[in-house]
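The values are calculated or read from the model by the stated rules, or taken from the named source; none is laboratory data. Quick caveat, the model's predicted, so the values are computed rather than measured. Positions of Cβ are backbone-derived with ideal geometry, glycine not excepted, and every protein chain shown enters the neighbour counts.
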Amino acid sequence: MRKKLDIAIARGATAVIFINSDTAQTDPKADWKMRTSPVSIPVLFAKGKAAEILRDSVITNCTAGAEVEKIEKIGHNVLGYLDNGAASTIVIGAHYDHLGFGSEGSLYRGEPAIHNGADDNASGTAALIELARFLKASDLKKNNYLFMAYSGEEKGLLGSNYYVKHPTMDLSTMNYMINMDMVGRLKPDEKLC
């Protein structure tokens, strides 16, 4: 869909209407929202009677209307700080995964069913917790460590973006950051190097 959209924009389209011809996929909007960054023109998905009319006609000019619904949800970033009294801090981050149900934003296909840790089983946050445990017990004391688990990353890096705009400490004291997600998600035939 994104390739078709990019071609339409390059040819001067002011809006794009997609008609779902894949009967196996009931909601192409969900896949679209998960995998596509924002675009500069309206993108509509026709269904029902509108899809029938558009499918059976050659239309070069039309007027379409859409409602914009503002949805607000509250997320929470979870932070932990290992203070070693050092001048600089290393940031170790991961986004904590949603409770999977196989709906919008999920890689899961099939009947809706709970899968805790969603599509990558919370591997980033599991690695984050293990690194915190290891660093607390280690002799690595030349840096402080800030552990961050972000919320809302599937919706456009909302949690990490919020932290950068509302930091809890001076950003200039941060040495570097390691951010983890989908740790160990390799296929058996893939090579590491």
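Out of the residues in region 154-184 that are hydroxyl-bearing (Ser, Thr, Tyr) and surrounded by fewer than 17 Cβ atoms within 10 Å (Cβ to Cβ), which is nearest to residue 79 (Cα to Cα)? It would help to see each step written out before you state the result.
Keep residues of region 154-184 that are hydroxyl-bearing (Ser, Thr, Tyr), which gives 160, 162-163, 168, 172-173, 176.
Narrowing further to those that are surrounded by fewer than 17 Cβ atoms within 10 Å (Cβ to Cβ): 162, 168, 172-173, 176.
Numbers: 162: 13, 168: 9, 172: 18, 173: 16, 176: 16 Å.
My answer is 168.
Each row is one residue, and each column tells you yes or no for (1) touching a Phe, Trp or Tyr at 6+ places or on another chain (Cβ under 7 Å); (2) at pLDDT 70 or above; (3) under 26 Å from residue 180 (Cα atoms).
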| position | (1), (2), (3) |
| --- | --- |
| 59 | no, no, no |
| 63 | no, yes, no |
| 71 | no, yes, no |
| 87 | no, yes, yes |
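For region 135-153, what are the residues that are assigned to a helix (DSSP H, G or I) and either surrounded by fewer than 19 Cβ atoms within 10 Å (Cβ to Cβ) or at pLDDT 90 or above (or both)?
Of the residues in region 135-153, the ones assigned to a helix (DSSP H, G or I) are 135-137, 153.
Passing the criteria: 135, 136, 137.
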